[in-house]
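Participant: Just dropping this structure here.
Values quoted throughout were computed directly from the atomic coordinates according to the rules given, and no laboratory measurement underlies them. Source: prediction; values computed, not measured. Don't worry about glycine lacking a Cβ; one is built from the backbone with ideal geometry, like all the others, and counts go over all protein chains shown.
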Amino acid sequence: MNRSGFRVEPADWKSDRDALRAIRETVFIREQQVPVEEEWDDLDVQCRHVIARSDDNMPIGTGRLTPQHTIGRMAVLPAWRGHGVGAALLQALLEQAMALGWEQVSLHAQVQAIGFYRRHGFVAEGEPFMEAGIEHRTMRRRLQAARDARTAPSEAPARTAGNLLQTNSCADLADAVLTLVGDARHTVCMHHRDLAPGVLDREDVLEALRCLALSGRGAGIRMLLADPDQILRDGHRLVPLVQRLPSVMHLRVPQEDEDRAYPSAFFLNDAGGYLMLPMADRFEGRGSTHNPGTARPLQRYFDEVWERAAPATVLRQLGL
C-alpha cells in the first residue's frame, strides 16, 4: 500500500523485530510512559504485523492483528502524525482480517483516539477502563463482507462488495457518515435537503469533515441543500465551518423543479462508498463502504444536479 511519502506493508516479527520495537519504544515506553513489562508480551510472535516506512525506508508506524481477532499496538512516530499513516495502517490490518474471513475485530482505544476509530467504522461499547495507566475504551467493527464472502463464494471478493452500511436512527446515520468521511481519499458529496440536523452538526462528524477539508490532499466537500435560509435560521453548526473553509467546502441549491422535488438523500465518497436514504426526512438507509457499481450512478446524478444548481451565497454572507 503506497501513500504520498510513505508505504505500508506486512512485517515479520523475526526479521523486522528491531524496527517494530523501535517504533513502540518511542511511542509507548518513552512518550506515553507505559511500563516496559506491560508493552512486551508473548503474543508478538503469534501476531500479524504491519509496518509503515517513509520513502527513505525509515520505520515510522506499526500495528498488529492478534489471534484473538483484536487490533493493537497501533503507533505512529510524532513527526508523521497527521499525514494519514495511522489510517493506512488500520486499513491494512482490516484488509488482512477480512482476507482471513473474520466476522469482526475489536480493539482497546485510548480515549483521545476514539474519534479516529469511529471514523473508520468502529463502535464504542462498555465503560472506560484503565490499561497501562491510560484510559481506554473497547471498540468493535463488524466485517460483514468477510462473512458474506464465505457463505457466497461465487460472488465477488469482500473488497469489491465492501462492508454493509445500514441505518435506522439518527445515531446510526451519523456513524455511517463518519465511516464514509473517514474512508474518503479526497472528496465527499452530500445530497440532503436540510443538511441532516443531528448528524452533520454532531461534534465528531464536524471534526471528521474539518480533518478531511484540511488534509491537503486536493480535498473537496460538495453539498446540495434545499433551503439555505432555513439552515441559517436553525443555526446549523456546519455553517460556520463552511464559512471558514469556503475554498474546500461548497454548497449549492437545486434550481429545477424536478431537482427540488427529489425525495431522497444520499452521501458519497471517492472510495466507492455510499449511503442512500429513500426518504430524506427519515433515518432508514442502506449503503456500502465500497460498491462502485451502485455509487457511480448516484455520483453521475449528483454531478448533473450540481451543474444546474446555484451557489448558496447566503451562507457566505456572515464571513465568520
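Participant: When Lys and Arg each count +1 and Asp and Glu each count -1, what net charge do the other residues less than 12 Å away from D44, Cβ to Cβ, add up to?
Facilitator: Local net charge: +2.
Participant: Using just the alpha carbons, could you tell me how many Å³ per residue the convex hull of region 164-316 encloses?
Facilitator: Per residue, the Cα convex hull of region 164-316 comes to 97 Å³.
Participant: Quick check: Cα centre of region 165-238 to Cα centre of region 89-115, how many Å?
Facilitator: Here the answer is 23 Å between Cα centres.
Participant: Could you list Y274, Y262 in order of exposure, starting from the residue whose Cβ has the fewest other Cβ atoms within 10 Å?
Facilitator: In order of increasing Cβ crowding within 10 Å: Y262, Y274.
Participant: Next up: Can you tell me the convex hull volume per residue for the chain, based on C-alpha atoms, in Å³ to the nearest whole number?
Facilitator: With only Cα atoms used, the chain gives 148 Å³ per residue.
Participant: From the square roots a ≥ b ≥ c of the eigenvalues of the alpha-carbon gyration tensor of region 2-149, which class results: rounded (a/c under 1.5), prolate (a/b over b/c), or oblate?
Facilitator: Verdict is rounded for region 2-149.
Participant: At most 16 other Cβ atoms within 10 Å plus a DSSP loop assignment makes a site exposed; report the longest stretch of the chain without any exposed trypsin sites (Lys or Arg not before Pro).
Facilitator: That would be 82-184.
Participant: Something else about it: Which loop GluC sites (Glu not before Pro) in region 214-320, with loop taken from DSSP, have no more than 12 other Cβ atoms within 10 angstrom of their Cβ?
Facilitator: Within region 214-320, the qualifying GluC sites (Glu not before Pro) (loop, at most 12 other Cβ atoms within 10 Å) are E256.
Participant: Around G133, under 12 Å between beta carbons, what's the net of Lys plus Arg minus Asp minus Glu among the other residues?
Facilitator: The answer is -4.
Participant: Contact order normalised by length for the chain, with contacts defined as Cα pairs under 8 Å and 6 or more residues apart; what percent is it?
Facilitator: Relative contact order, the chain: 13 percent.
Participant: If you place +1 on the Cβ of every Lys and Arg and -1 on the Cβ of every Asp and Glu, how big does the dipole about the Cα centre of the chain come out, in debye to the nearest 20?
Facilitator: Rounded to the nearest 20 debye, it is 500 debye.
Participant: With every atom except the alpha carbons ignored, what do you get for Rg and Dmax of region 29-70, in angstroms?
Facilitator: Computed over the Cα atoms of region 29-70, radius of gyration and Dmax are 12.5, 34 Å.
Participant: Further, regarding this structure: Rounded to the nearest 10 degrees, what's the angle between the helix 85-99 long axis and the longest principal axis of the chain, both from Cα atoms, 0 to 90?
Facilitator: For helix 85-99, the angle is close to 80 degrees.
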